[in-house]
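Comments concern the structure below.
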Amino acid sequence: MADATHAAADGGVATILASADGRDFLLRNSADKVKISSIKASTVALYFSASWCPPCRRFTPKLIEAYNELVSQGKSFEVVFVSGDSDQDAFNAYFAKMPWLAVPFSDSEALAKLNERYKVMGIPHLVILDAKSGEIYTEDGVELVHEYGTEAYPFTTERINELKEQEKAAKDNQTIHSLFGTPTRDYLITNKGDKVPISDLEGKYVGLCFVVNGYGPVVQFTSVLAKIYEKLKVVGEKFEVVMVSLDGDEESFNESFADMPWLAIPQGDKMCEKLARYFELSGLPMLVLIGPDGKTLNDDIADIIDEHGPDAWEGFPFSAEKLEILAEKAKAKAESQTLESLLVTGDLDFVLGKDGAKVPVSELVGKTVLLYFSAKWCPPCRAFLPKLVNEYNKIKEKHNDFEIVFISSDREQSSYDEFFSGMPWLALPLGDERKQQLSKIFKITGIPSLVAIGPDGKTVTKDAKTPLVAHGADAFPFTEEKLQELEKEKEKKINDMAKGWPEKLKHDLHDHELVLTRCTTYGCDGCDEMGDSWSYRCKECDFDLHPKCALEEKGDVEMGEENAEAAPAGYVCEGDVCRKV
């Protein structure tokens, strides 16, 4: 433990952490007892966590790193683990990895009181206190450790405001050196290990490319960026790229960097985390563009590169004027689009039939073609496939000028073969290079996806799945005119459906009068299932009933229960937190 102000035995954490039955100690993972009154740290963090909680398991190593760094710096800081585990063995196994103290797992009353005192509704949760007075510095310790690490110490409001002011000042006075350098490092590295002075970047445009090893969208993005980078070098533009790795180990860093032709901040450098926070990284890929003066020109040009691919180099340095030129070229390219321009690349001028035969793309010209992006490993894809097969067969009965081409995201040939065996249409071979290009052209971010190409080779819609699910085979040929016609028919049916229903009614499940209301989707408060089109609604209470539930006068409907999955009763895990329900 760090040495600092002695915590008074009759106040502050001494009072907060002691138990009603006289327990005046905490535990180390060695089972040694430590008197609460002997804690000398001036800042104490209560760490509410549990081994069953995935977000906790991800955060604990981060907190351990910060704790060890603060202690090694002589900072007056201590952490106390407040367990949410369900049994002693789980507590012991989890606590064994922690270098700090813990409230004994056997003192369930004290654990419950601490949870109640700090109104803990989700974990991981880190409450940071003034040890002497018990004053709460912050209840957002998890977020502060993520954002600022040890720089947030002692986690007071004053310190956080100071850090924010420093960040603002840094942005106002931003230079190439302030972005990439540290007091002990004035260089970047190549993938050969050579050191390149940061001063070499002065007067150049610089792209900060955030990277995570093996993440598909980043791998695809950097492969395109490499082509743009090389082209800009050839034409003599002053452009450099710096990799900002978010990987936590050297092996992943080296794998990411091995095939990249640009520079990088060395692996494990704290500047990588600072830059992620500085530029408010929220998703990948992300490419920040810095101007020759060291100022930020664009917070993220990844979307521009995704949209235009290798041709994006023609828009450099991505000014409004240059982007307008890119947009005009993209428009002209879309207007000249044909099925062959989409599906023919070099010798790849075919798709596969059911027997493995190569079907020339030319045989599809003049037909409405759905590009079906899917994969066997994807549960929604497997669930959607029977519907698609059924509607495909219905369309083919009436329209011979129709086809589907399966574009797989499967990783293994066996999975691809098994999934394709249940499809009555055509496909691209597994791993075909055309798949990546088509995904970029149509900005495929999720599967299953259906893109409709018309008989003239132009894109009819990038989302044919929605109308097909809503209207089935009647959605063919997926044109705007057809869909508008179907929507009018649907609206008429919906209005006809409500004929004869009372405009208002009373129901045993609700005290107020319910009004028949036209709506989109909602959850029925009677049967707990989803509904659409019409609801008997109380706007004041946000209460809805299916017309069926309302008109059948069912006043005693059993409600569904929350599914807590693997978490203990009373918790549900979502994203980065496990919450009480």
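A few comments on the model shown:
- With a requirement of 3 or more residues that are at pLDDT 95 or above and of a type in the set (Lys, Arg), none of the helices (runs of 4 or more DSSP H) lying completely within the range 98-185 satisfies it.
- Beta carbons closer than 6 Å, at least 6 apart along the sequence or on distinct chains, pair a first residue in the range 146-166 that is among the small types (Gly, Ala, Ser) with a second that is part of a helix (DSSP H, G or I) and buried (at least 18 other Cβ atoms within 10 Å of the Cβ) for 149/66; 152/144.
- Of all residues making up the range 358-384, the number that are open to solvent by 20 Å² or more (accessible area, probe 1.4 Å), of a type in the set (A, V, I, L, M) and either modelled with pLDDT under 95 or out of contact with any helix residue (DSSP H, G or I) (no Cβ under 7 Å at 6 or more places or on another chain) (or both): 2
Residues are listed down the side, and each one gets a yes or a no for (1) out of contact with any strand residue (DSSP E or B) (no Cβ under 7 Å at 6 or more places or on another chain); (2) open to solvent by 50 Å² or more (accessible area, probe 1.4 Å):
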{"position": "139", "(1), (2)": "no, yes"}
{"position": "144", "(1), (2)": "no, no"}
{"position": "153", "(1), (2)": "no, no"}
{"position": "164", "(1), (2)": "yes, yes"}
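- Pick from the range 502-538, criterion in contact with a Lys or Arg (Cβ under 9 Å, 6 or more places away or on another chain) and among the hydroxyl-bearing types (Ser, Thr, Tyr), ranking: surrounded by the fewest Cβ atoms within 10 Å (Cβ to Cβ): 517
- Checked across the range 388-402, the condition of being closer than 14 Å to residue 447 by Cβ, touching a Lys or Arg at 6+ places or on another chain (Cβ under 9 Å) and at pLDDT 95 or above holds for at least one residue.
- Scan of the range 158-173 for residues that are within 29 Å of the chain's Cα centre (by Cα) and not charged (D, E, K, R), ordered by number: 160, 161, 163, 166, 170
- Restricting attention to the range 8-67 and to residues that are more than 24 Å from residue 123 (Cβ to Cβ) and polar (S, T, N, Q), the residue that is surrounded by the fewest Cβ atoms within 10 Å (Cβ to Cβ) turns out to be 30.
- From 189, 198, 160, 176, residue being surrounded by 13 or more Cβ atoms within 10 Å (Cβ to Cβ) and in contact with a His (Cβ under 6 Å, 6 or more places away or on another chain): 198
- Look at the range 359-370: where a residue is closer than 10 Å to residue 343 by Cβ and a partner is assigned to a strand (DSSP E or B) and aliphatic (A, V, I, L, M), sitting 6+ places away or on another chain with Cβ atoms under 7 Å, you get 361/351; 369/405; 369/453.
- Tabulated pairs, the range 475-494, first at pLDDT 85 or above and aromatic (Phe, Trp, Tyr), second exposed (fewer than 13 other Cβ atoms within 10 Å of the Cβ) and in a helix (DSSP H, G or I), C-beta under 9 angstrom, 6+ apart or interchain: 476/398
- Every residue from the range 214-239 that is assigned to a helix (DSSP H, G or I) and surrounded by 18 or more Cβ atoms within 10 Å (Cβ to Cβ): 218, 221, 222, 224, 225, 228, 229, 232
The values are calculated or read from the model by the stated rules, or taken from the named source; none is laboratory data. These figures come from a predicted structure and were not determined experimentally. We place every Cβ from the backbone using ideal geometry, glycine too, and count neighbours over all the protein chains shown. Surface areas here come from the heavy atoms of the whole protein model, side chains and all, with no ligands, DNA or RNA. Shrake-Rupley method; radii C 1.70, N 1.55, O 1.52, S 1.80 Å.
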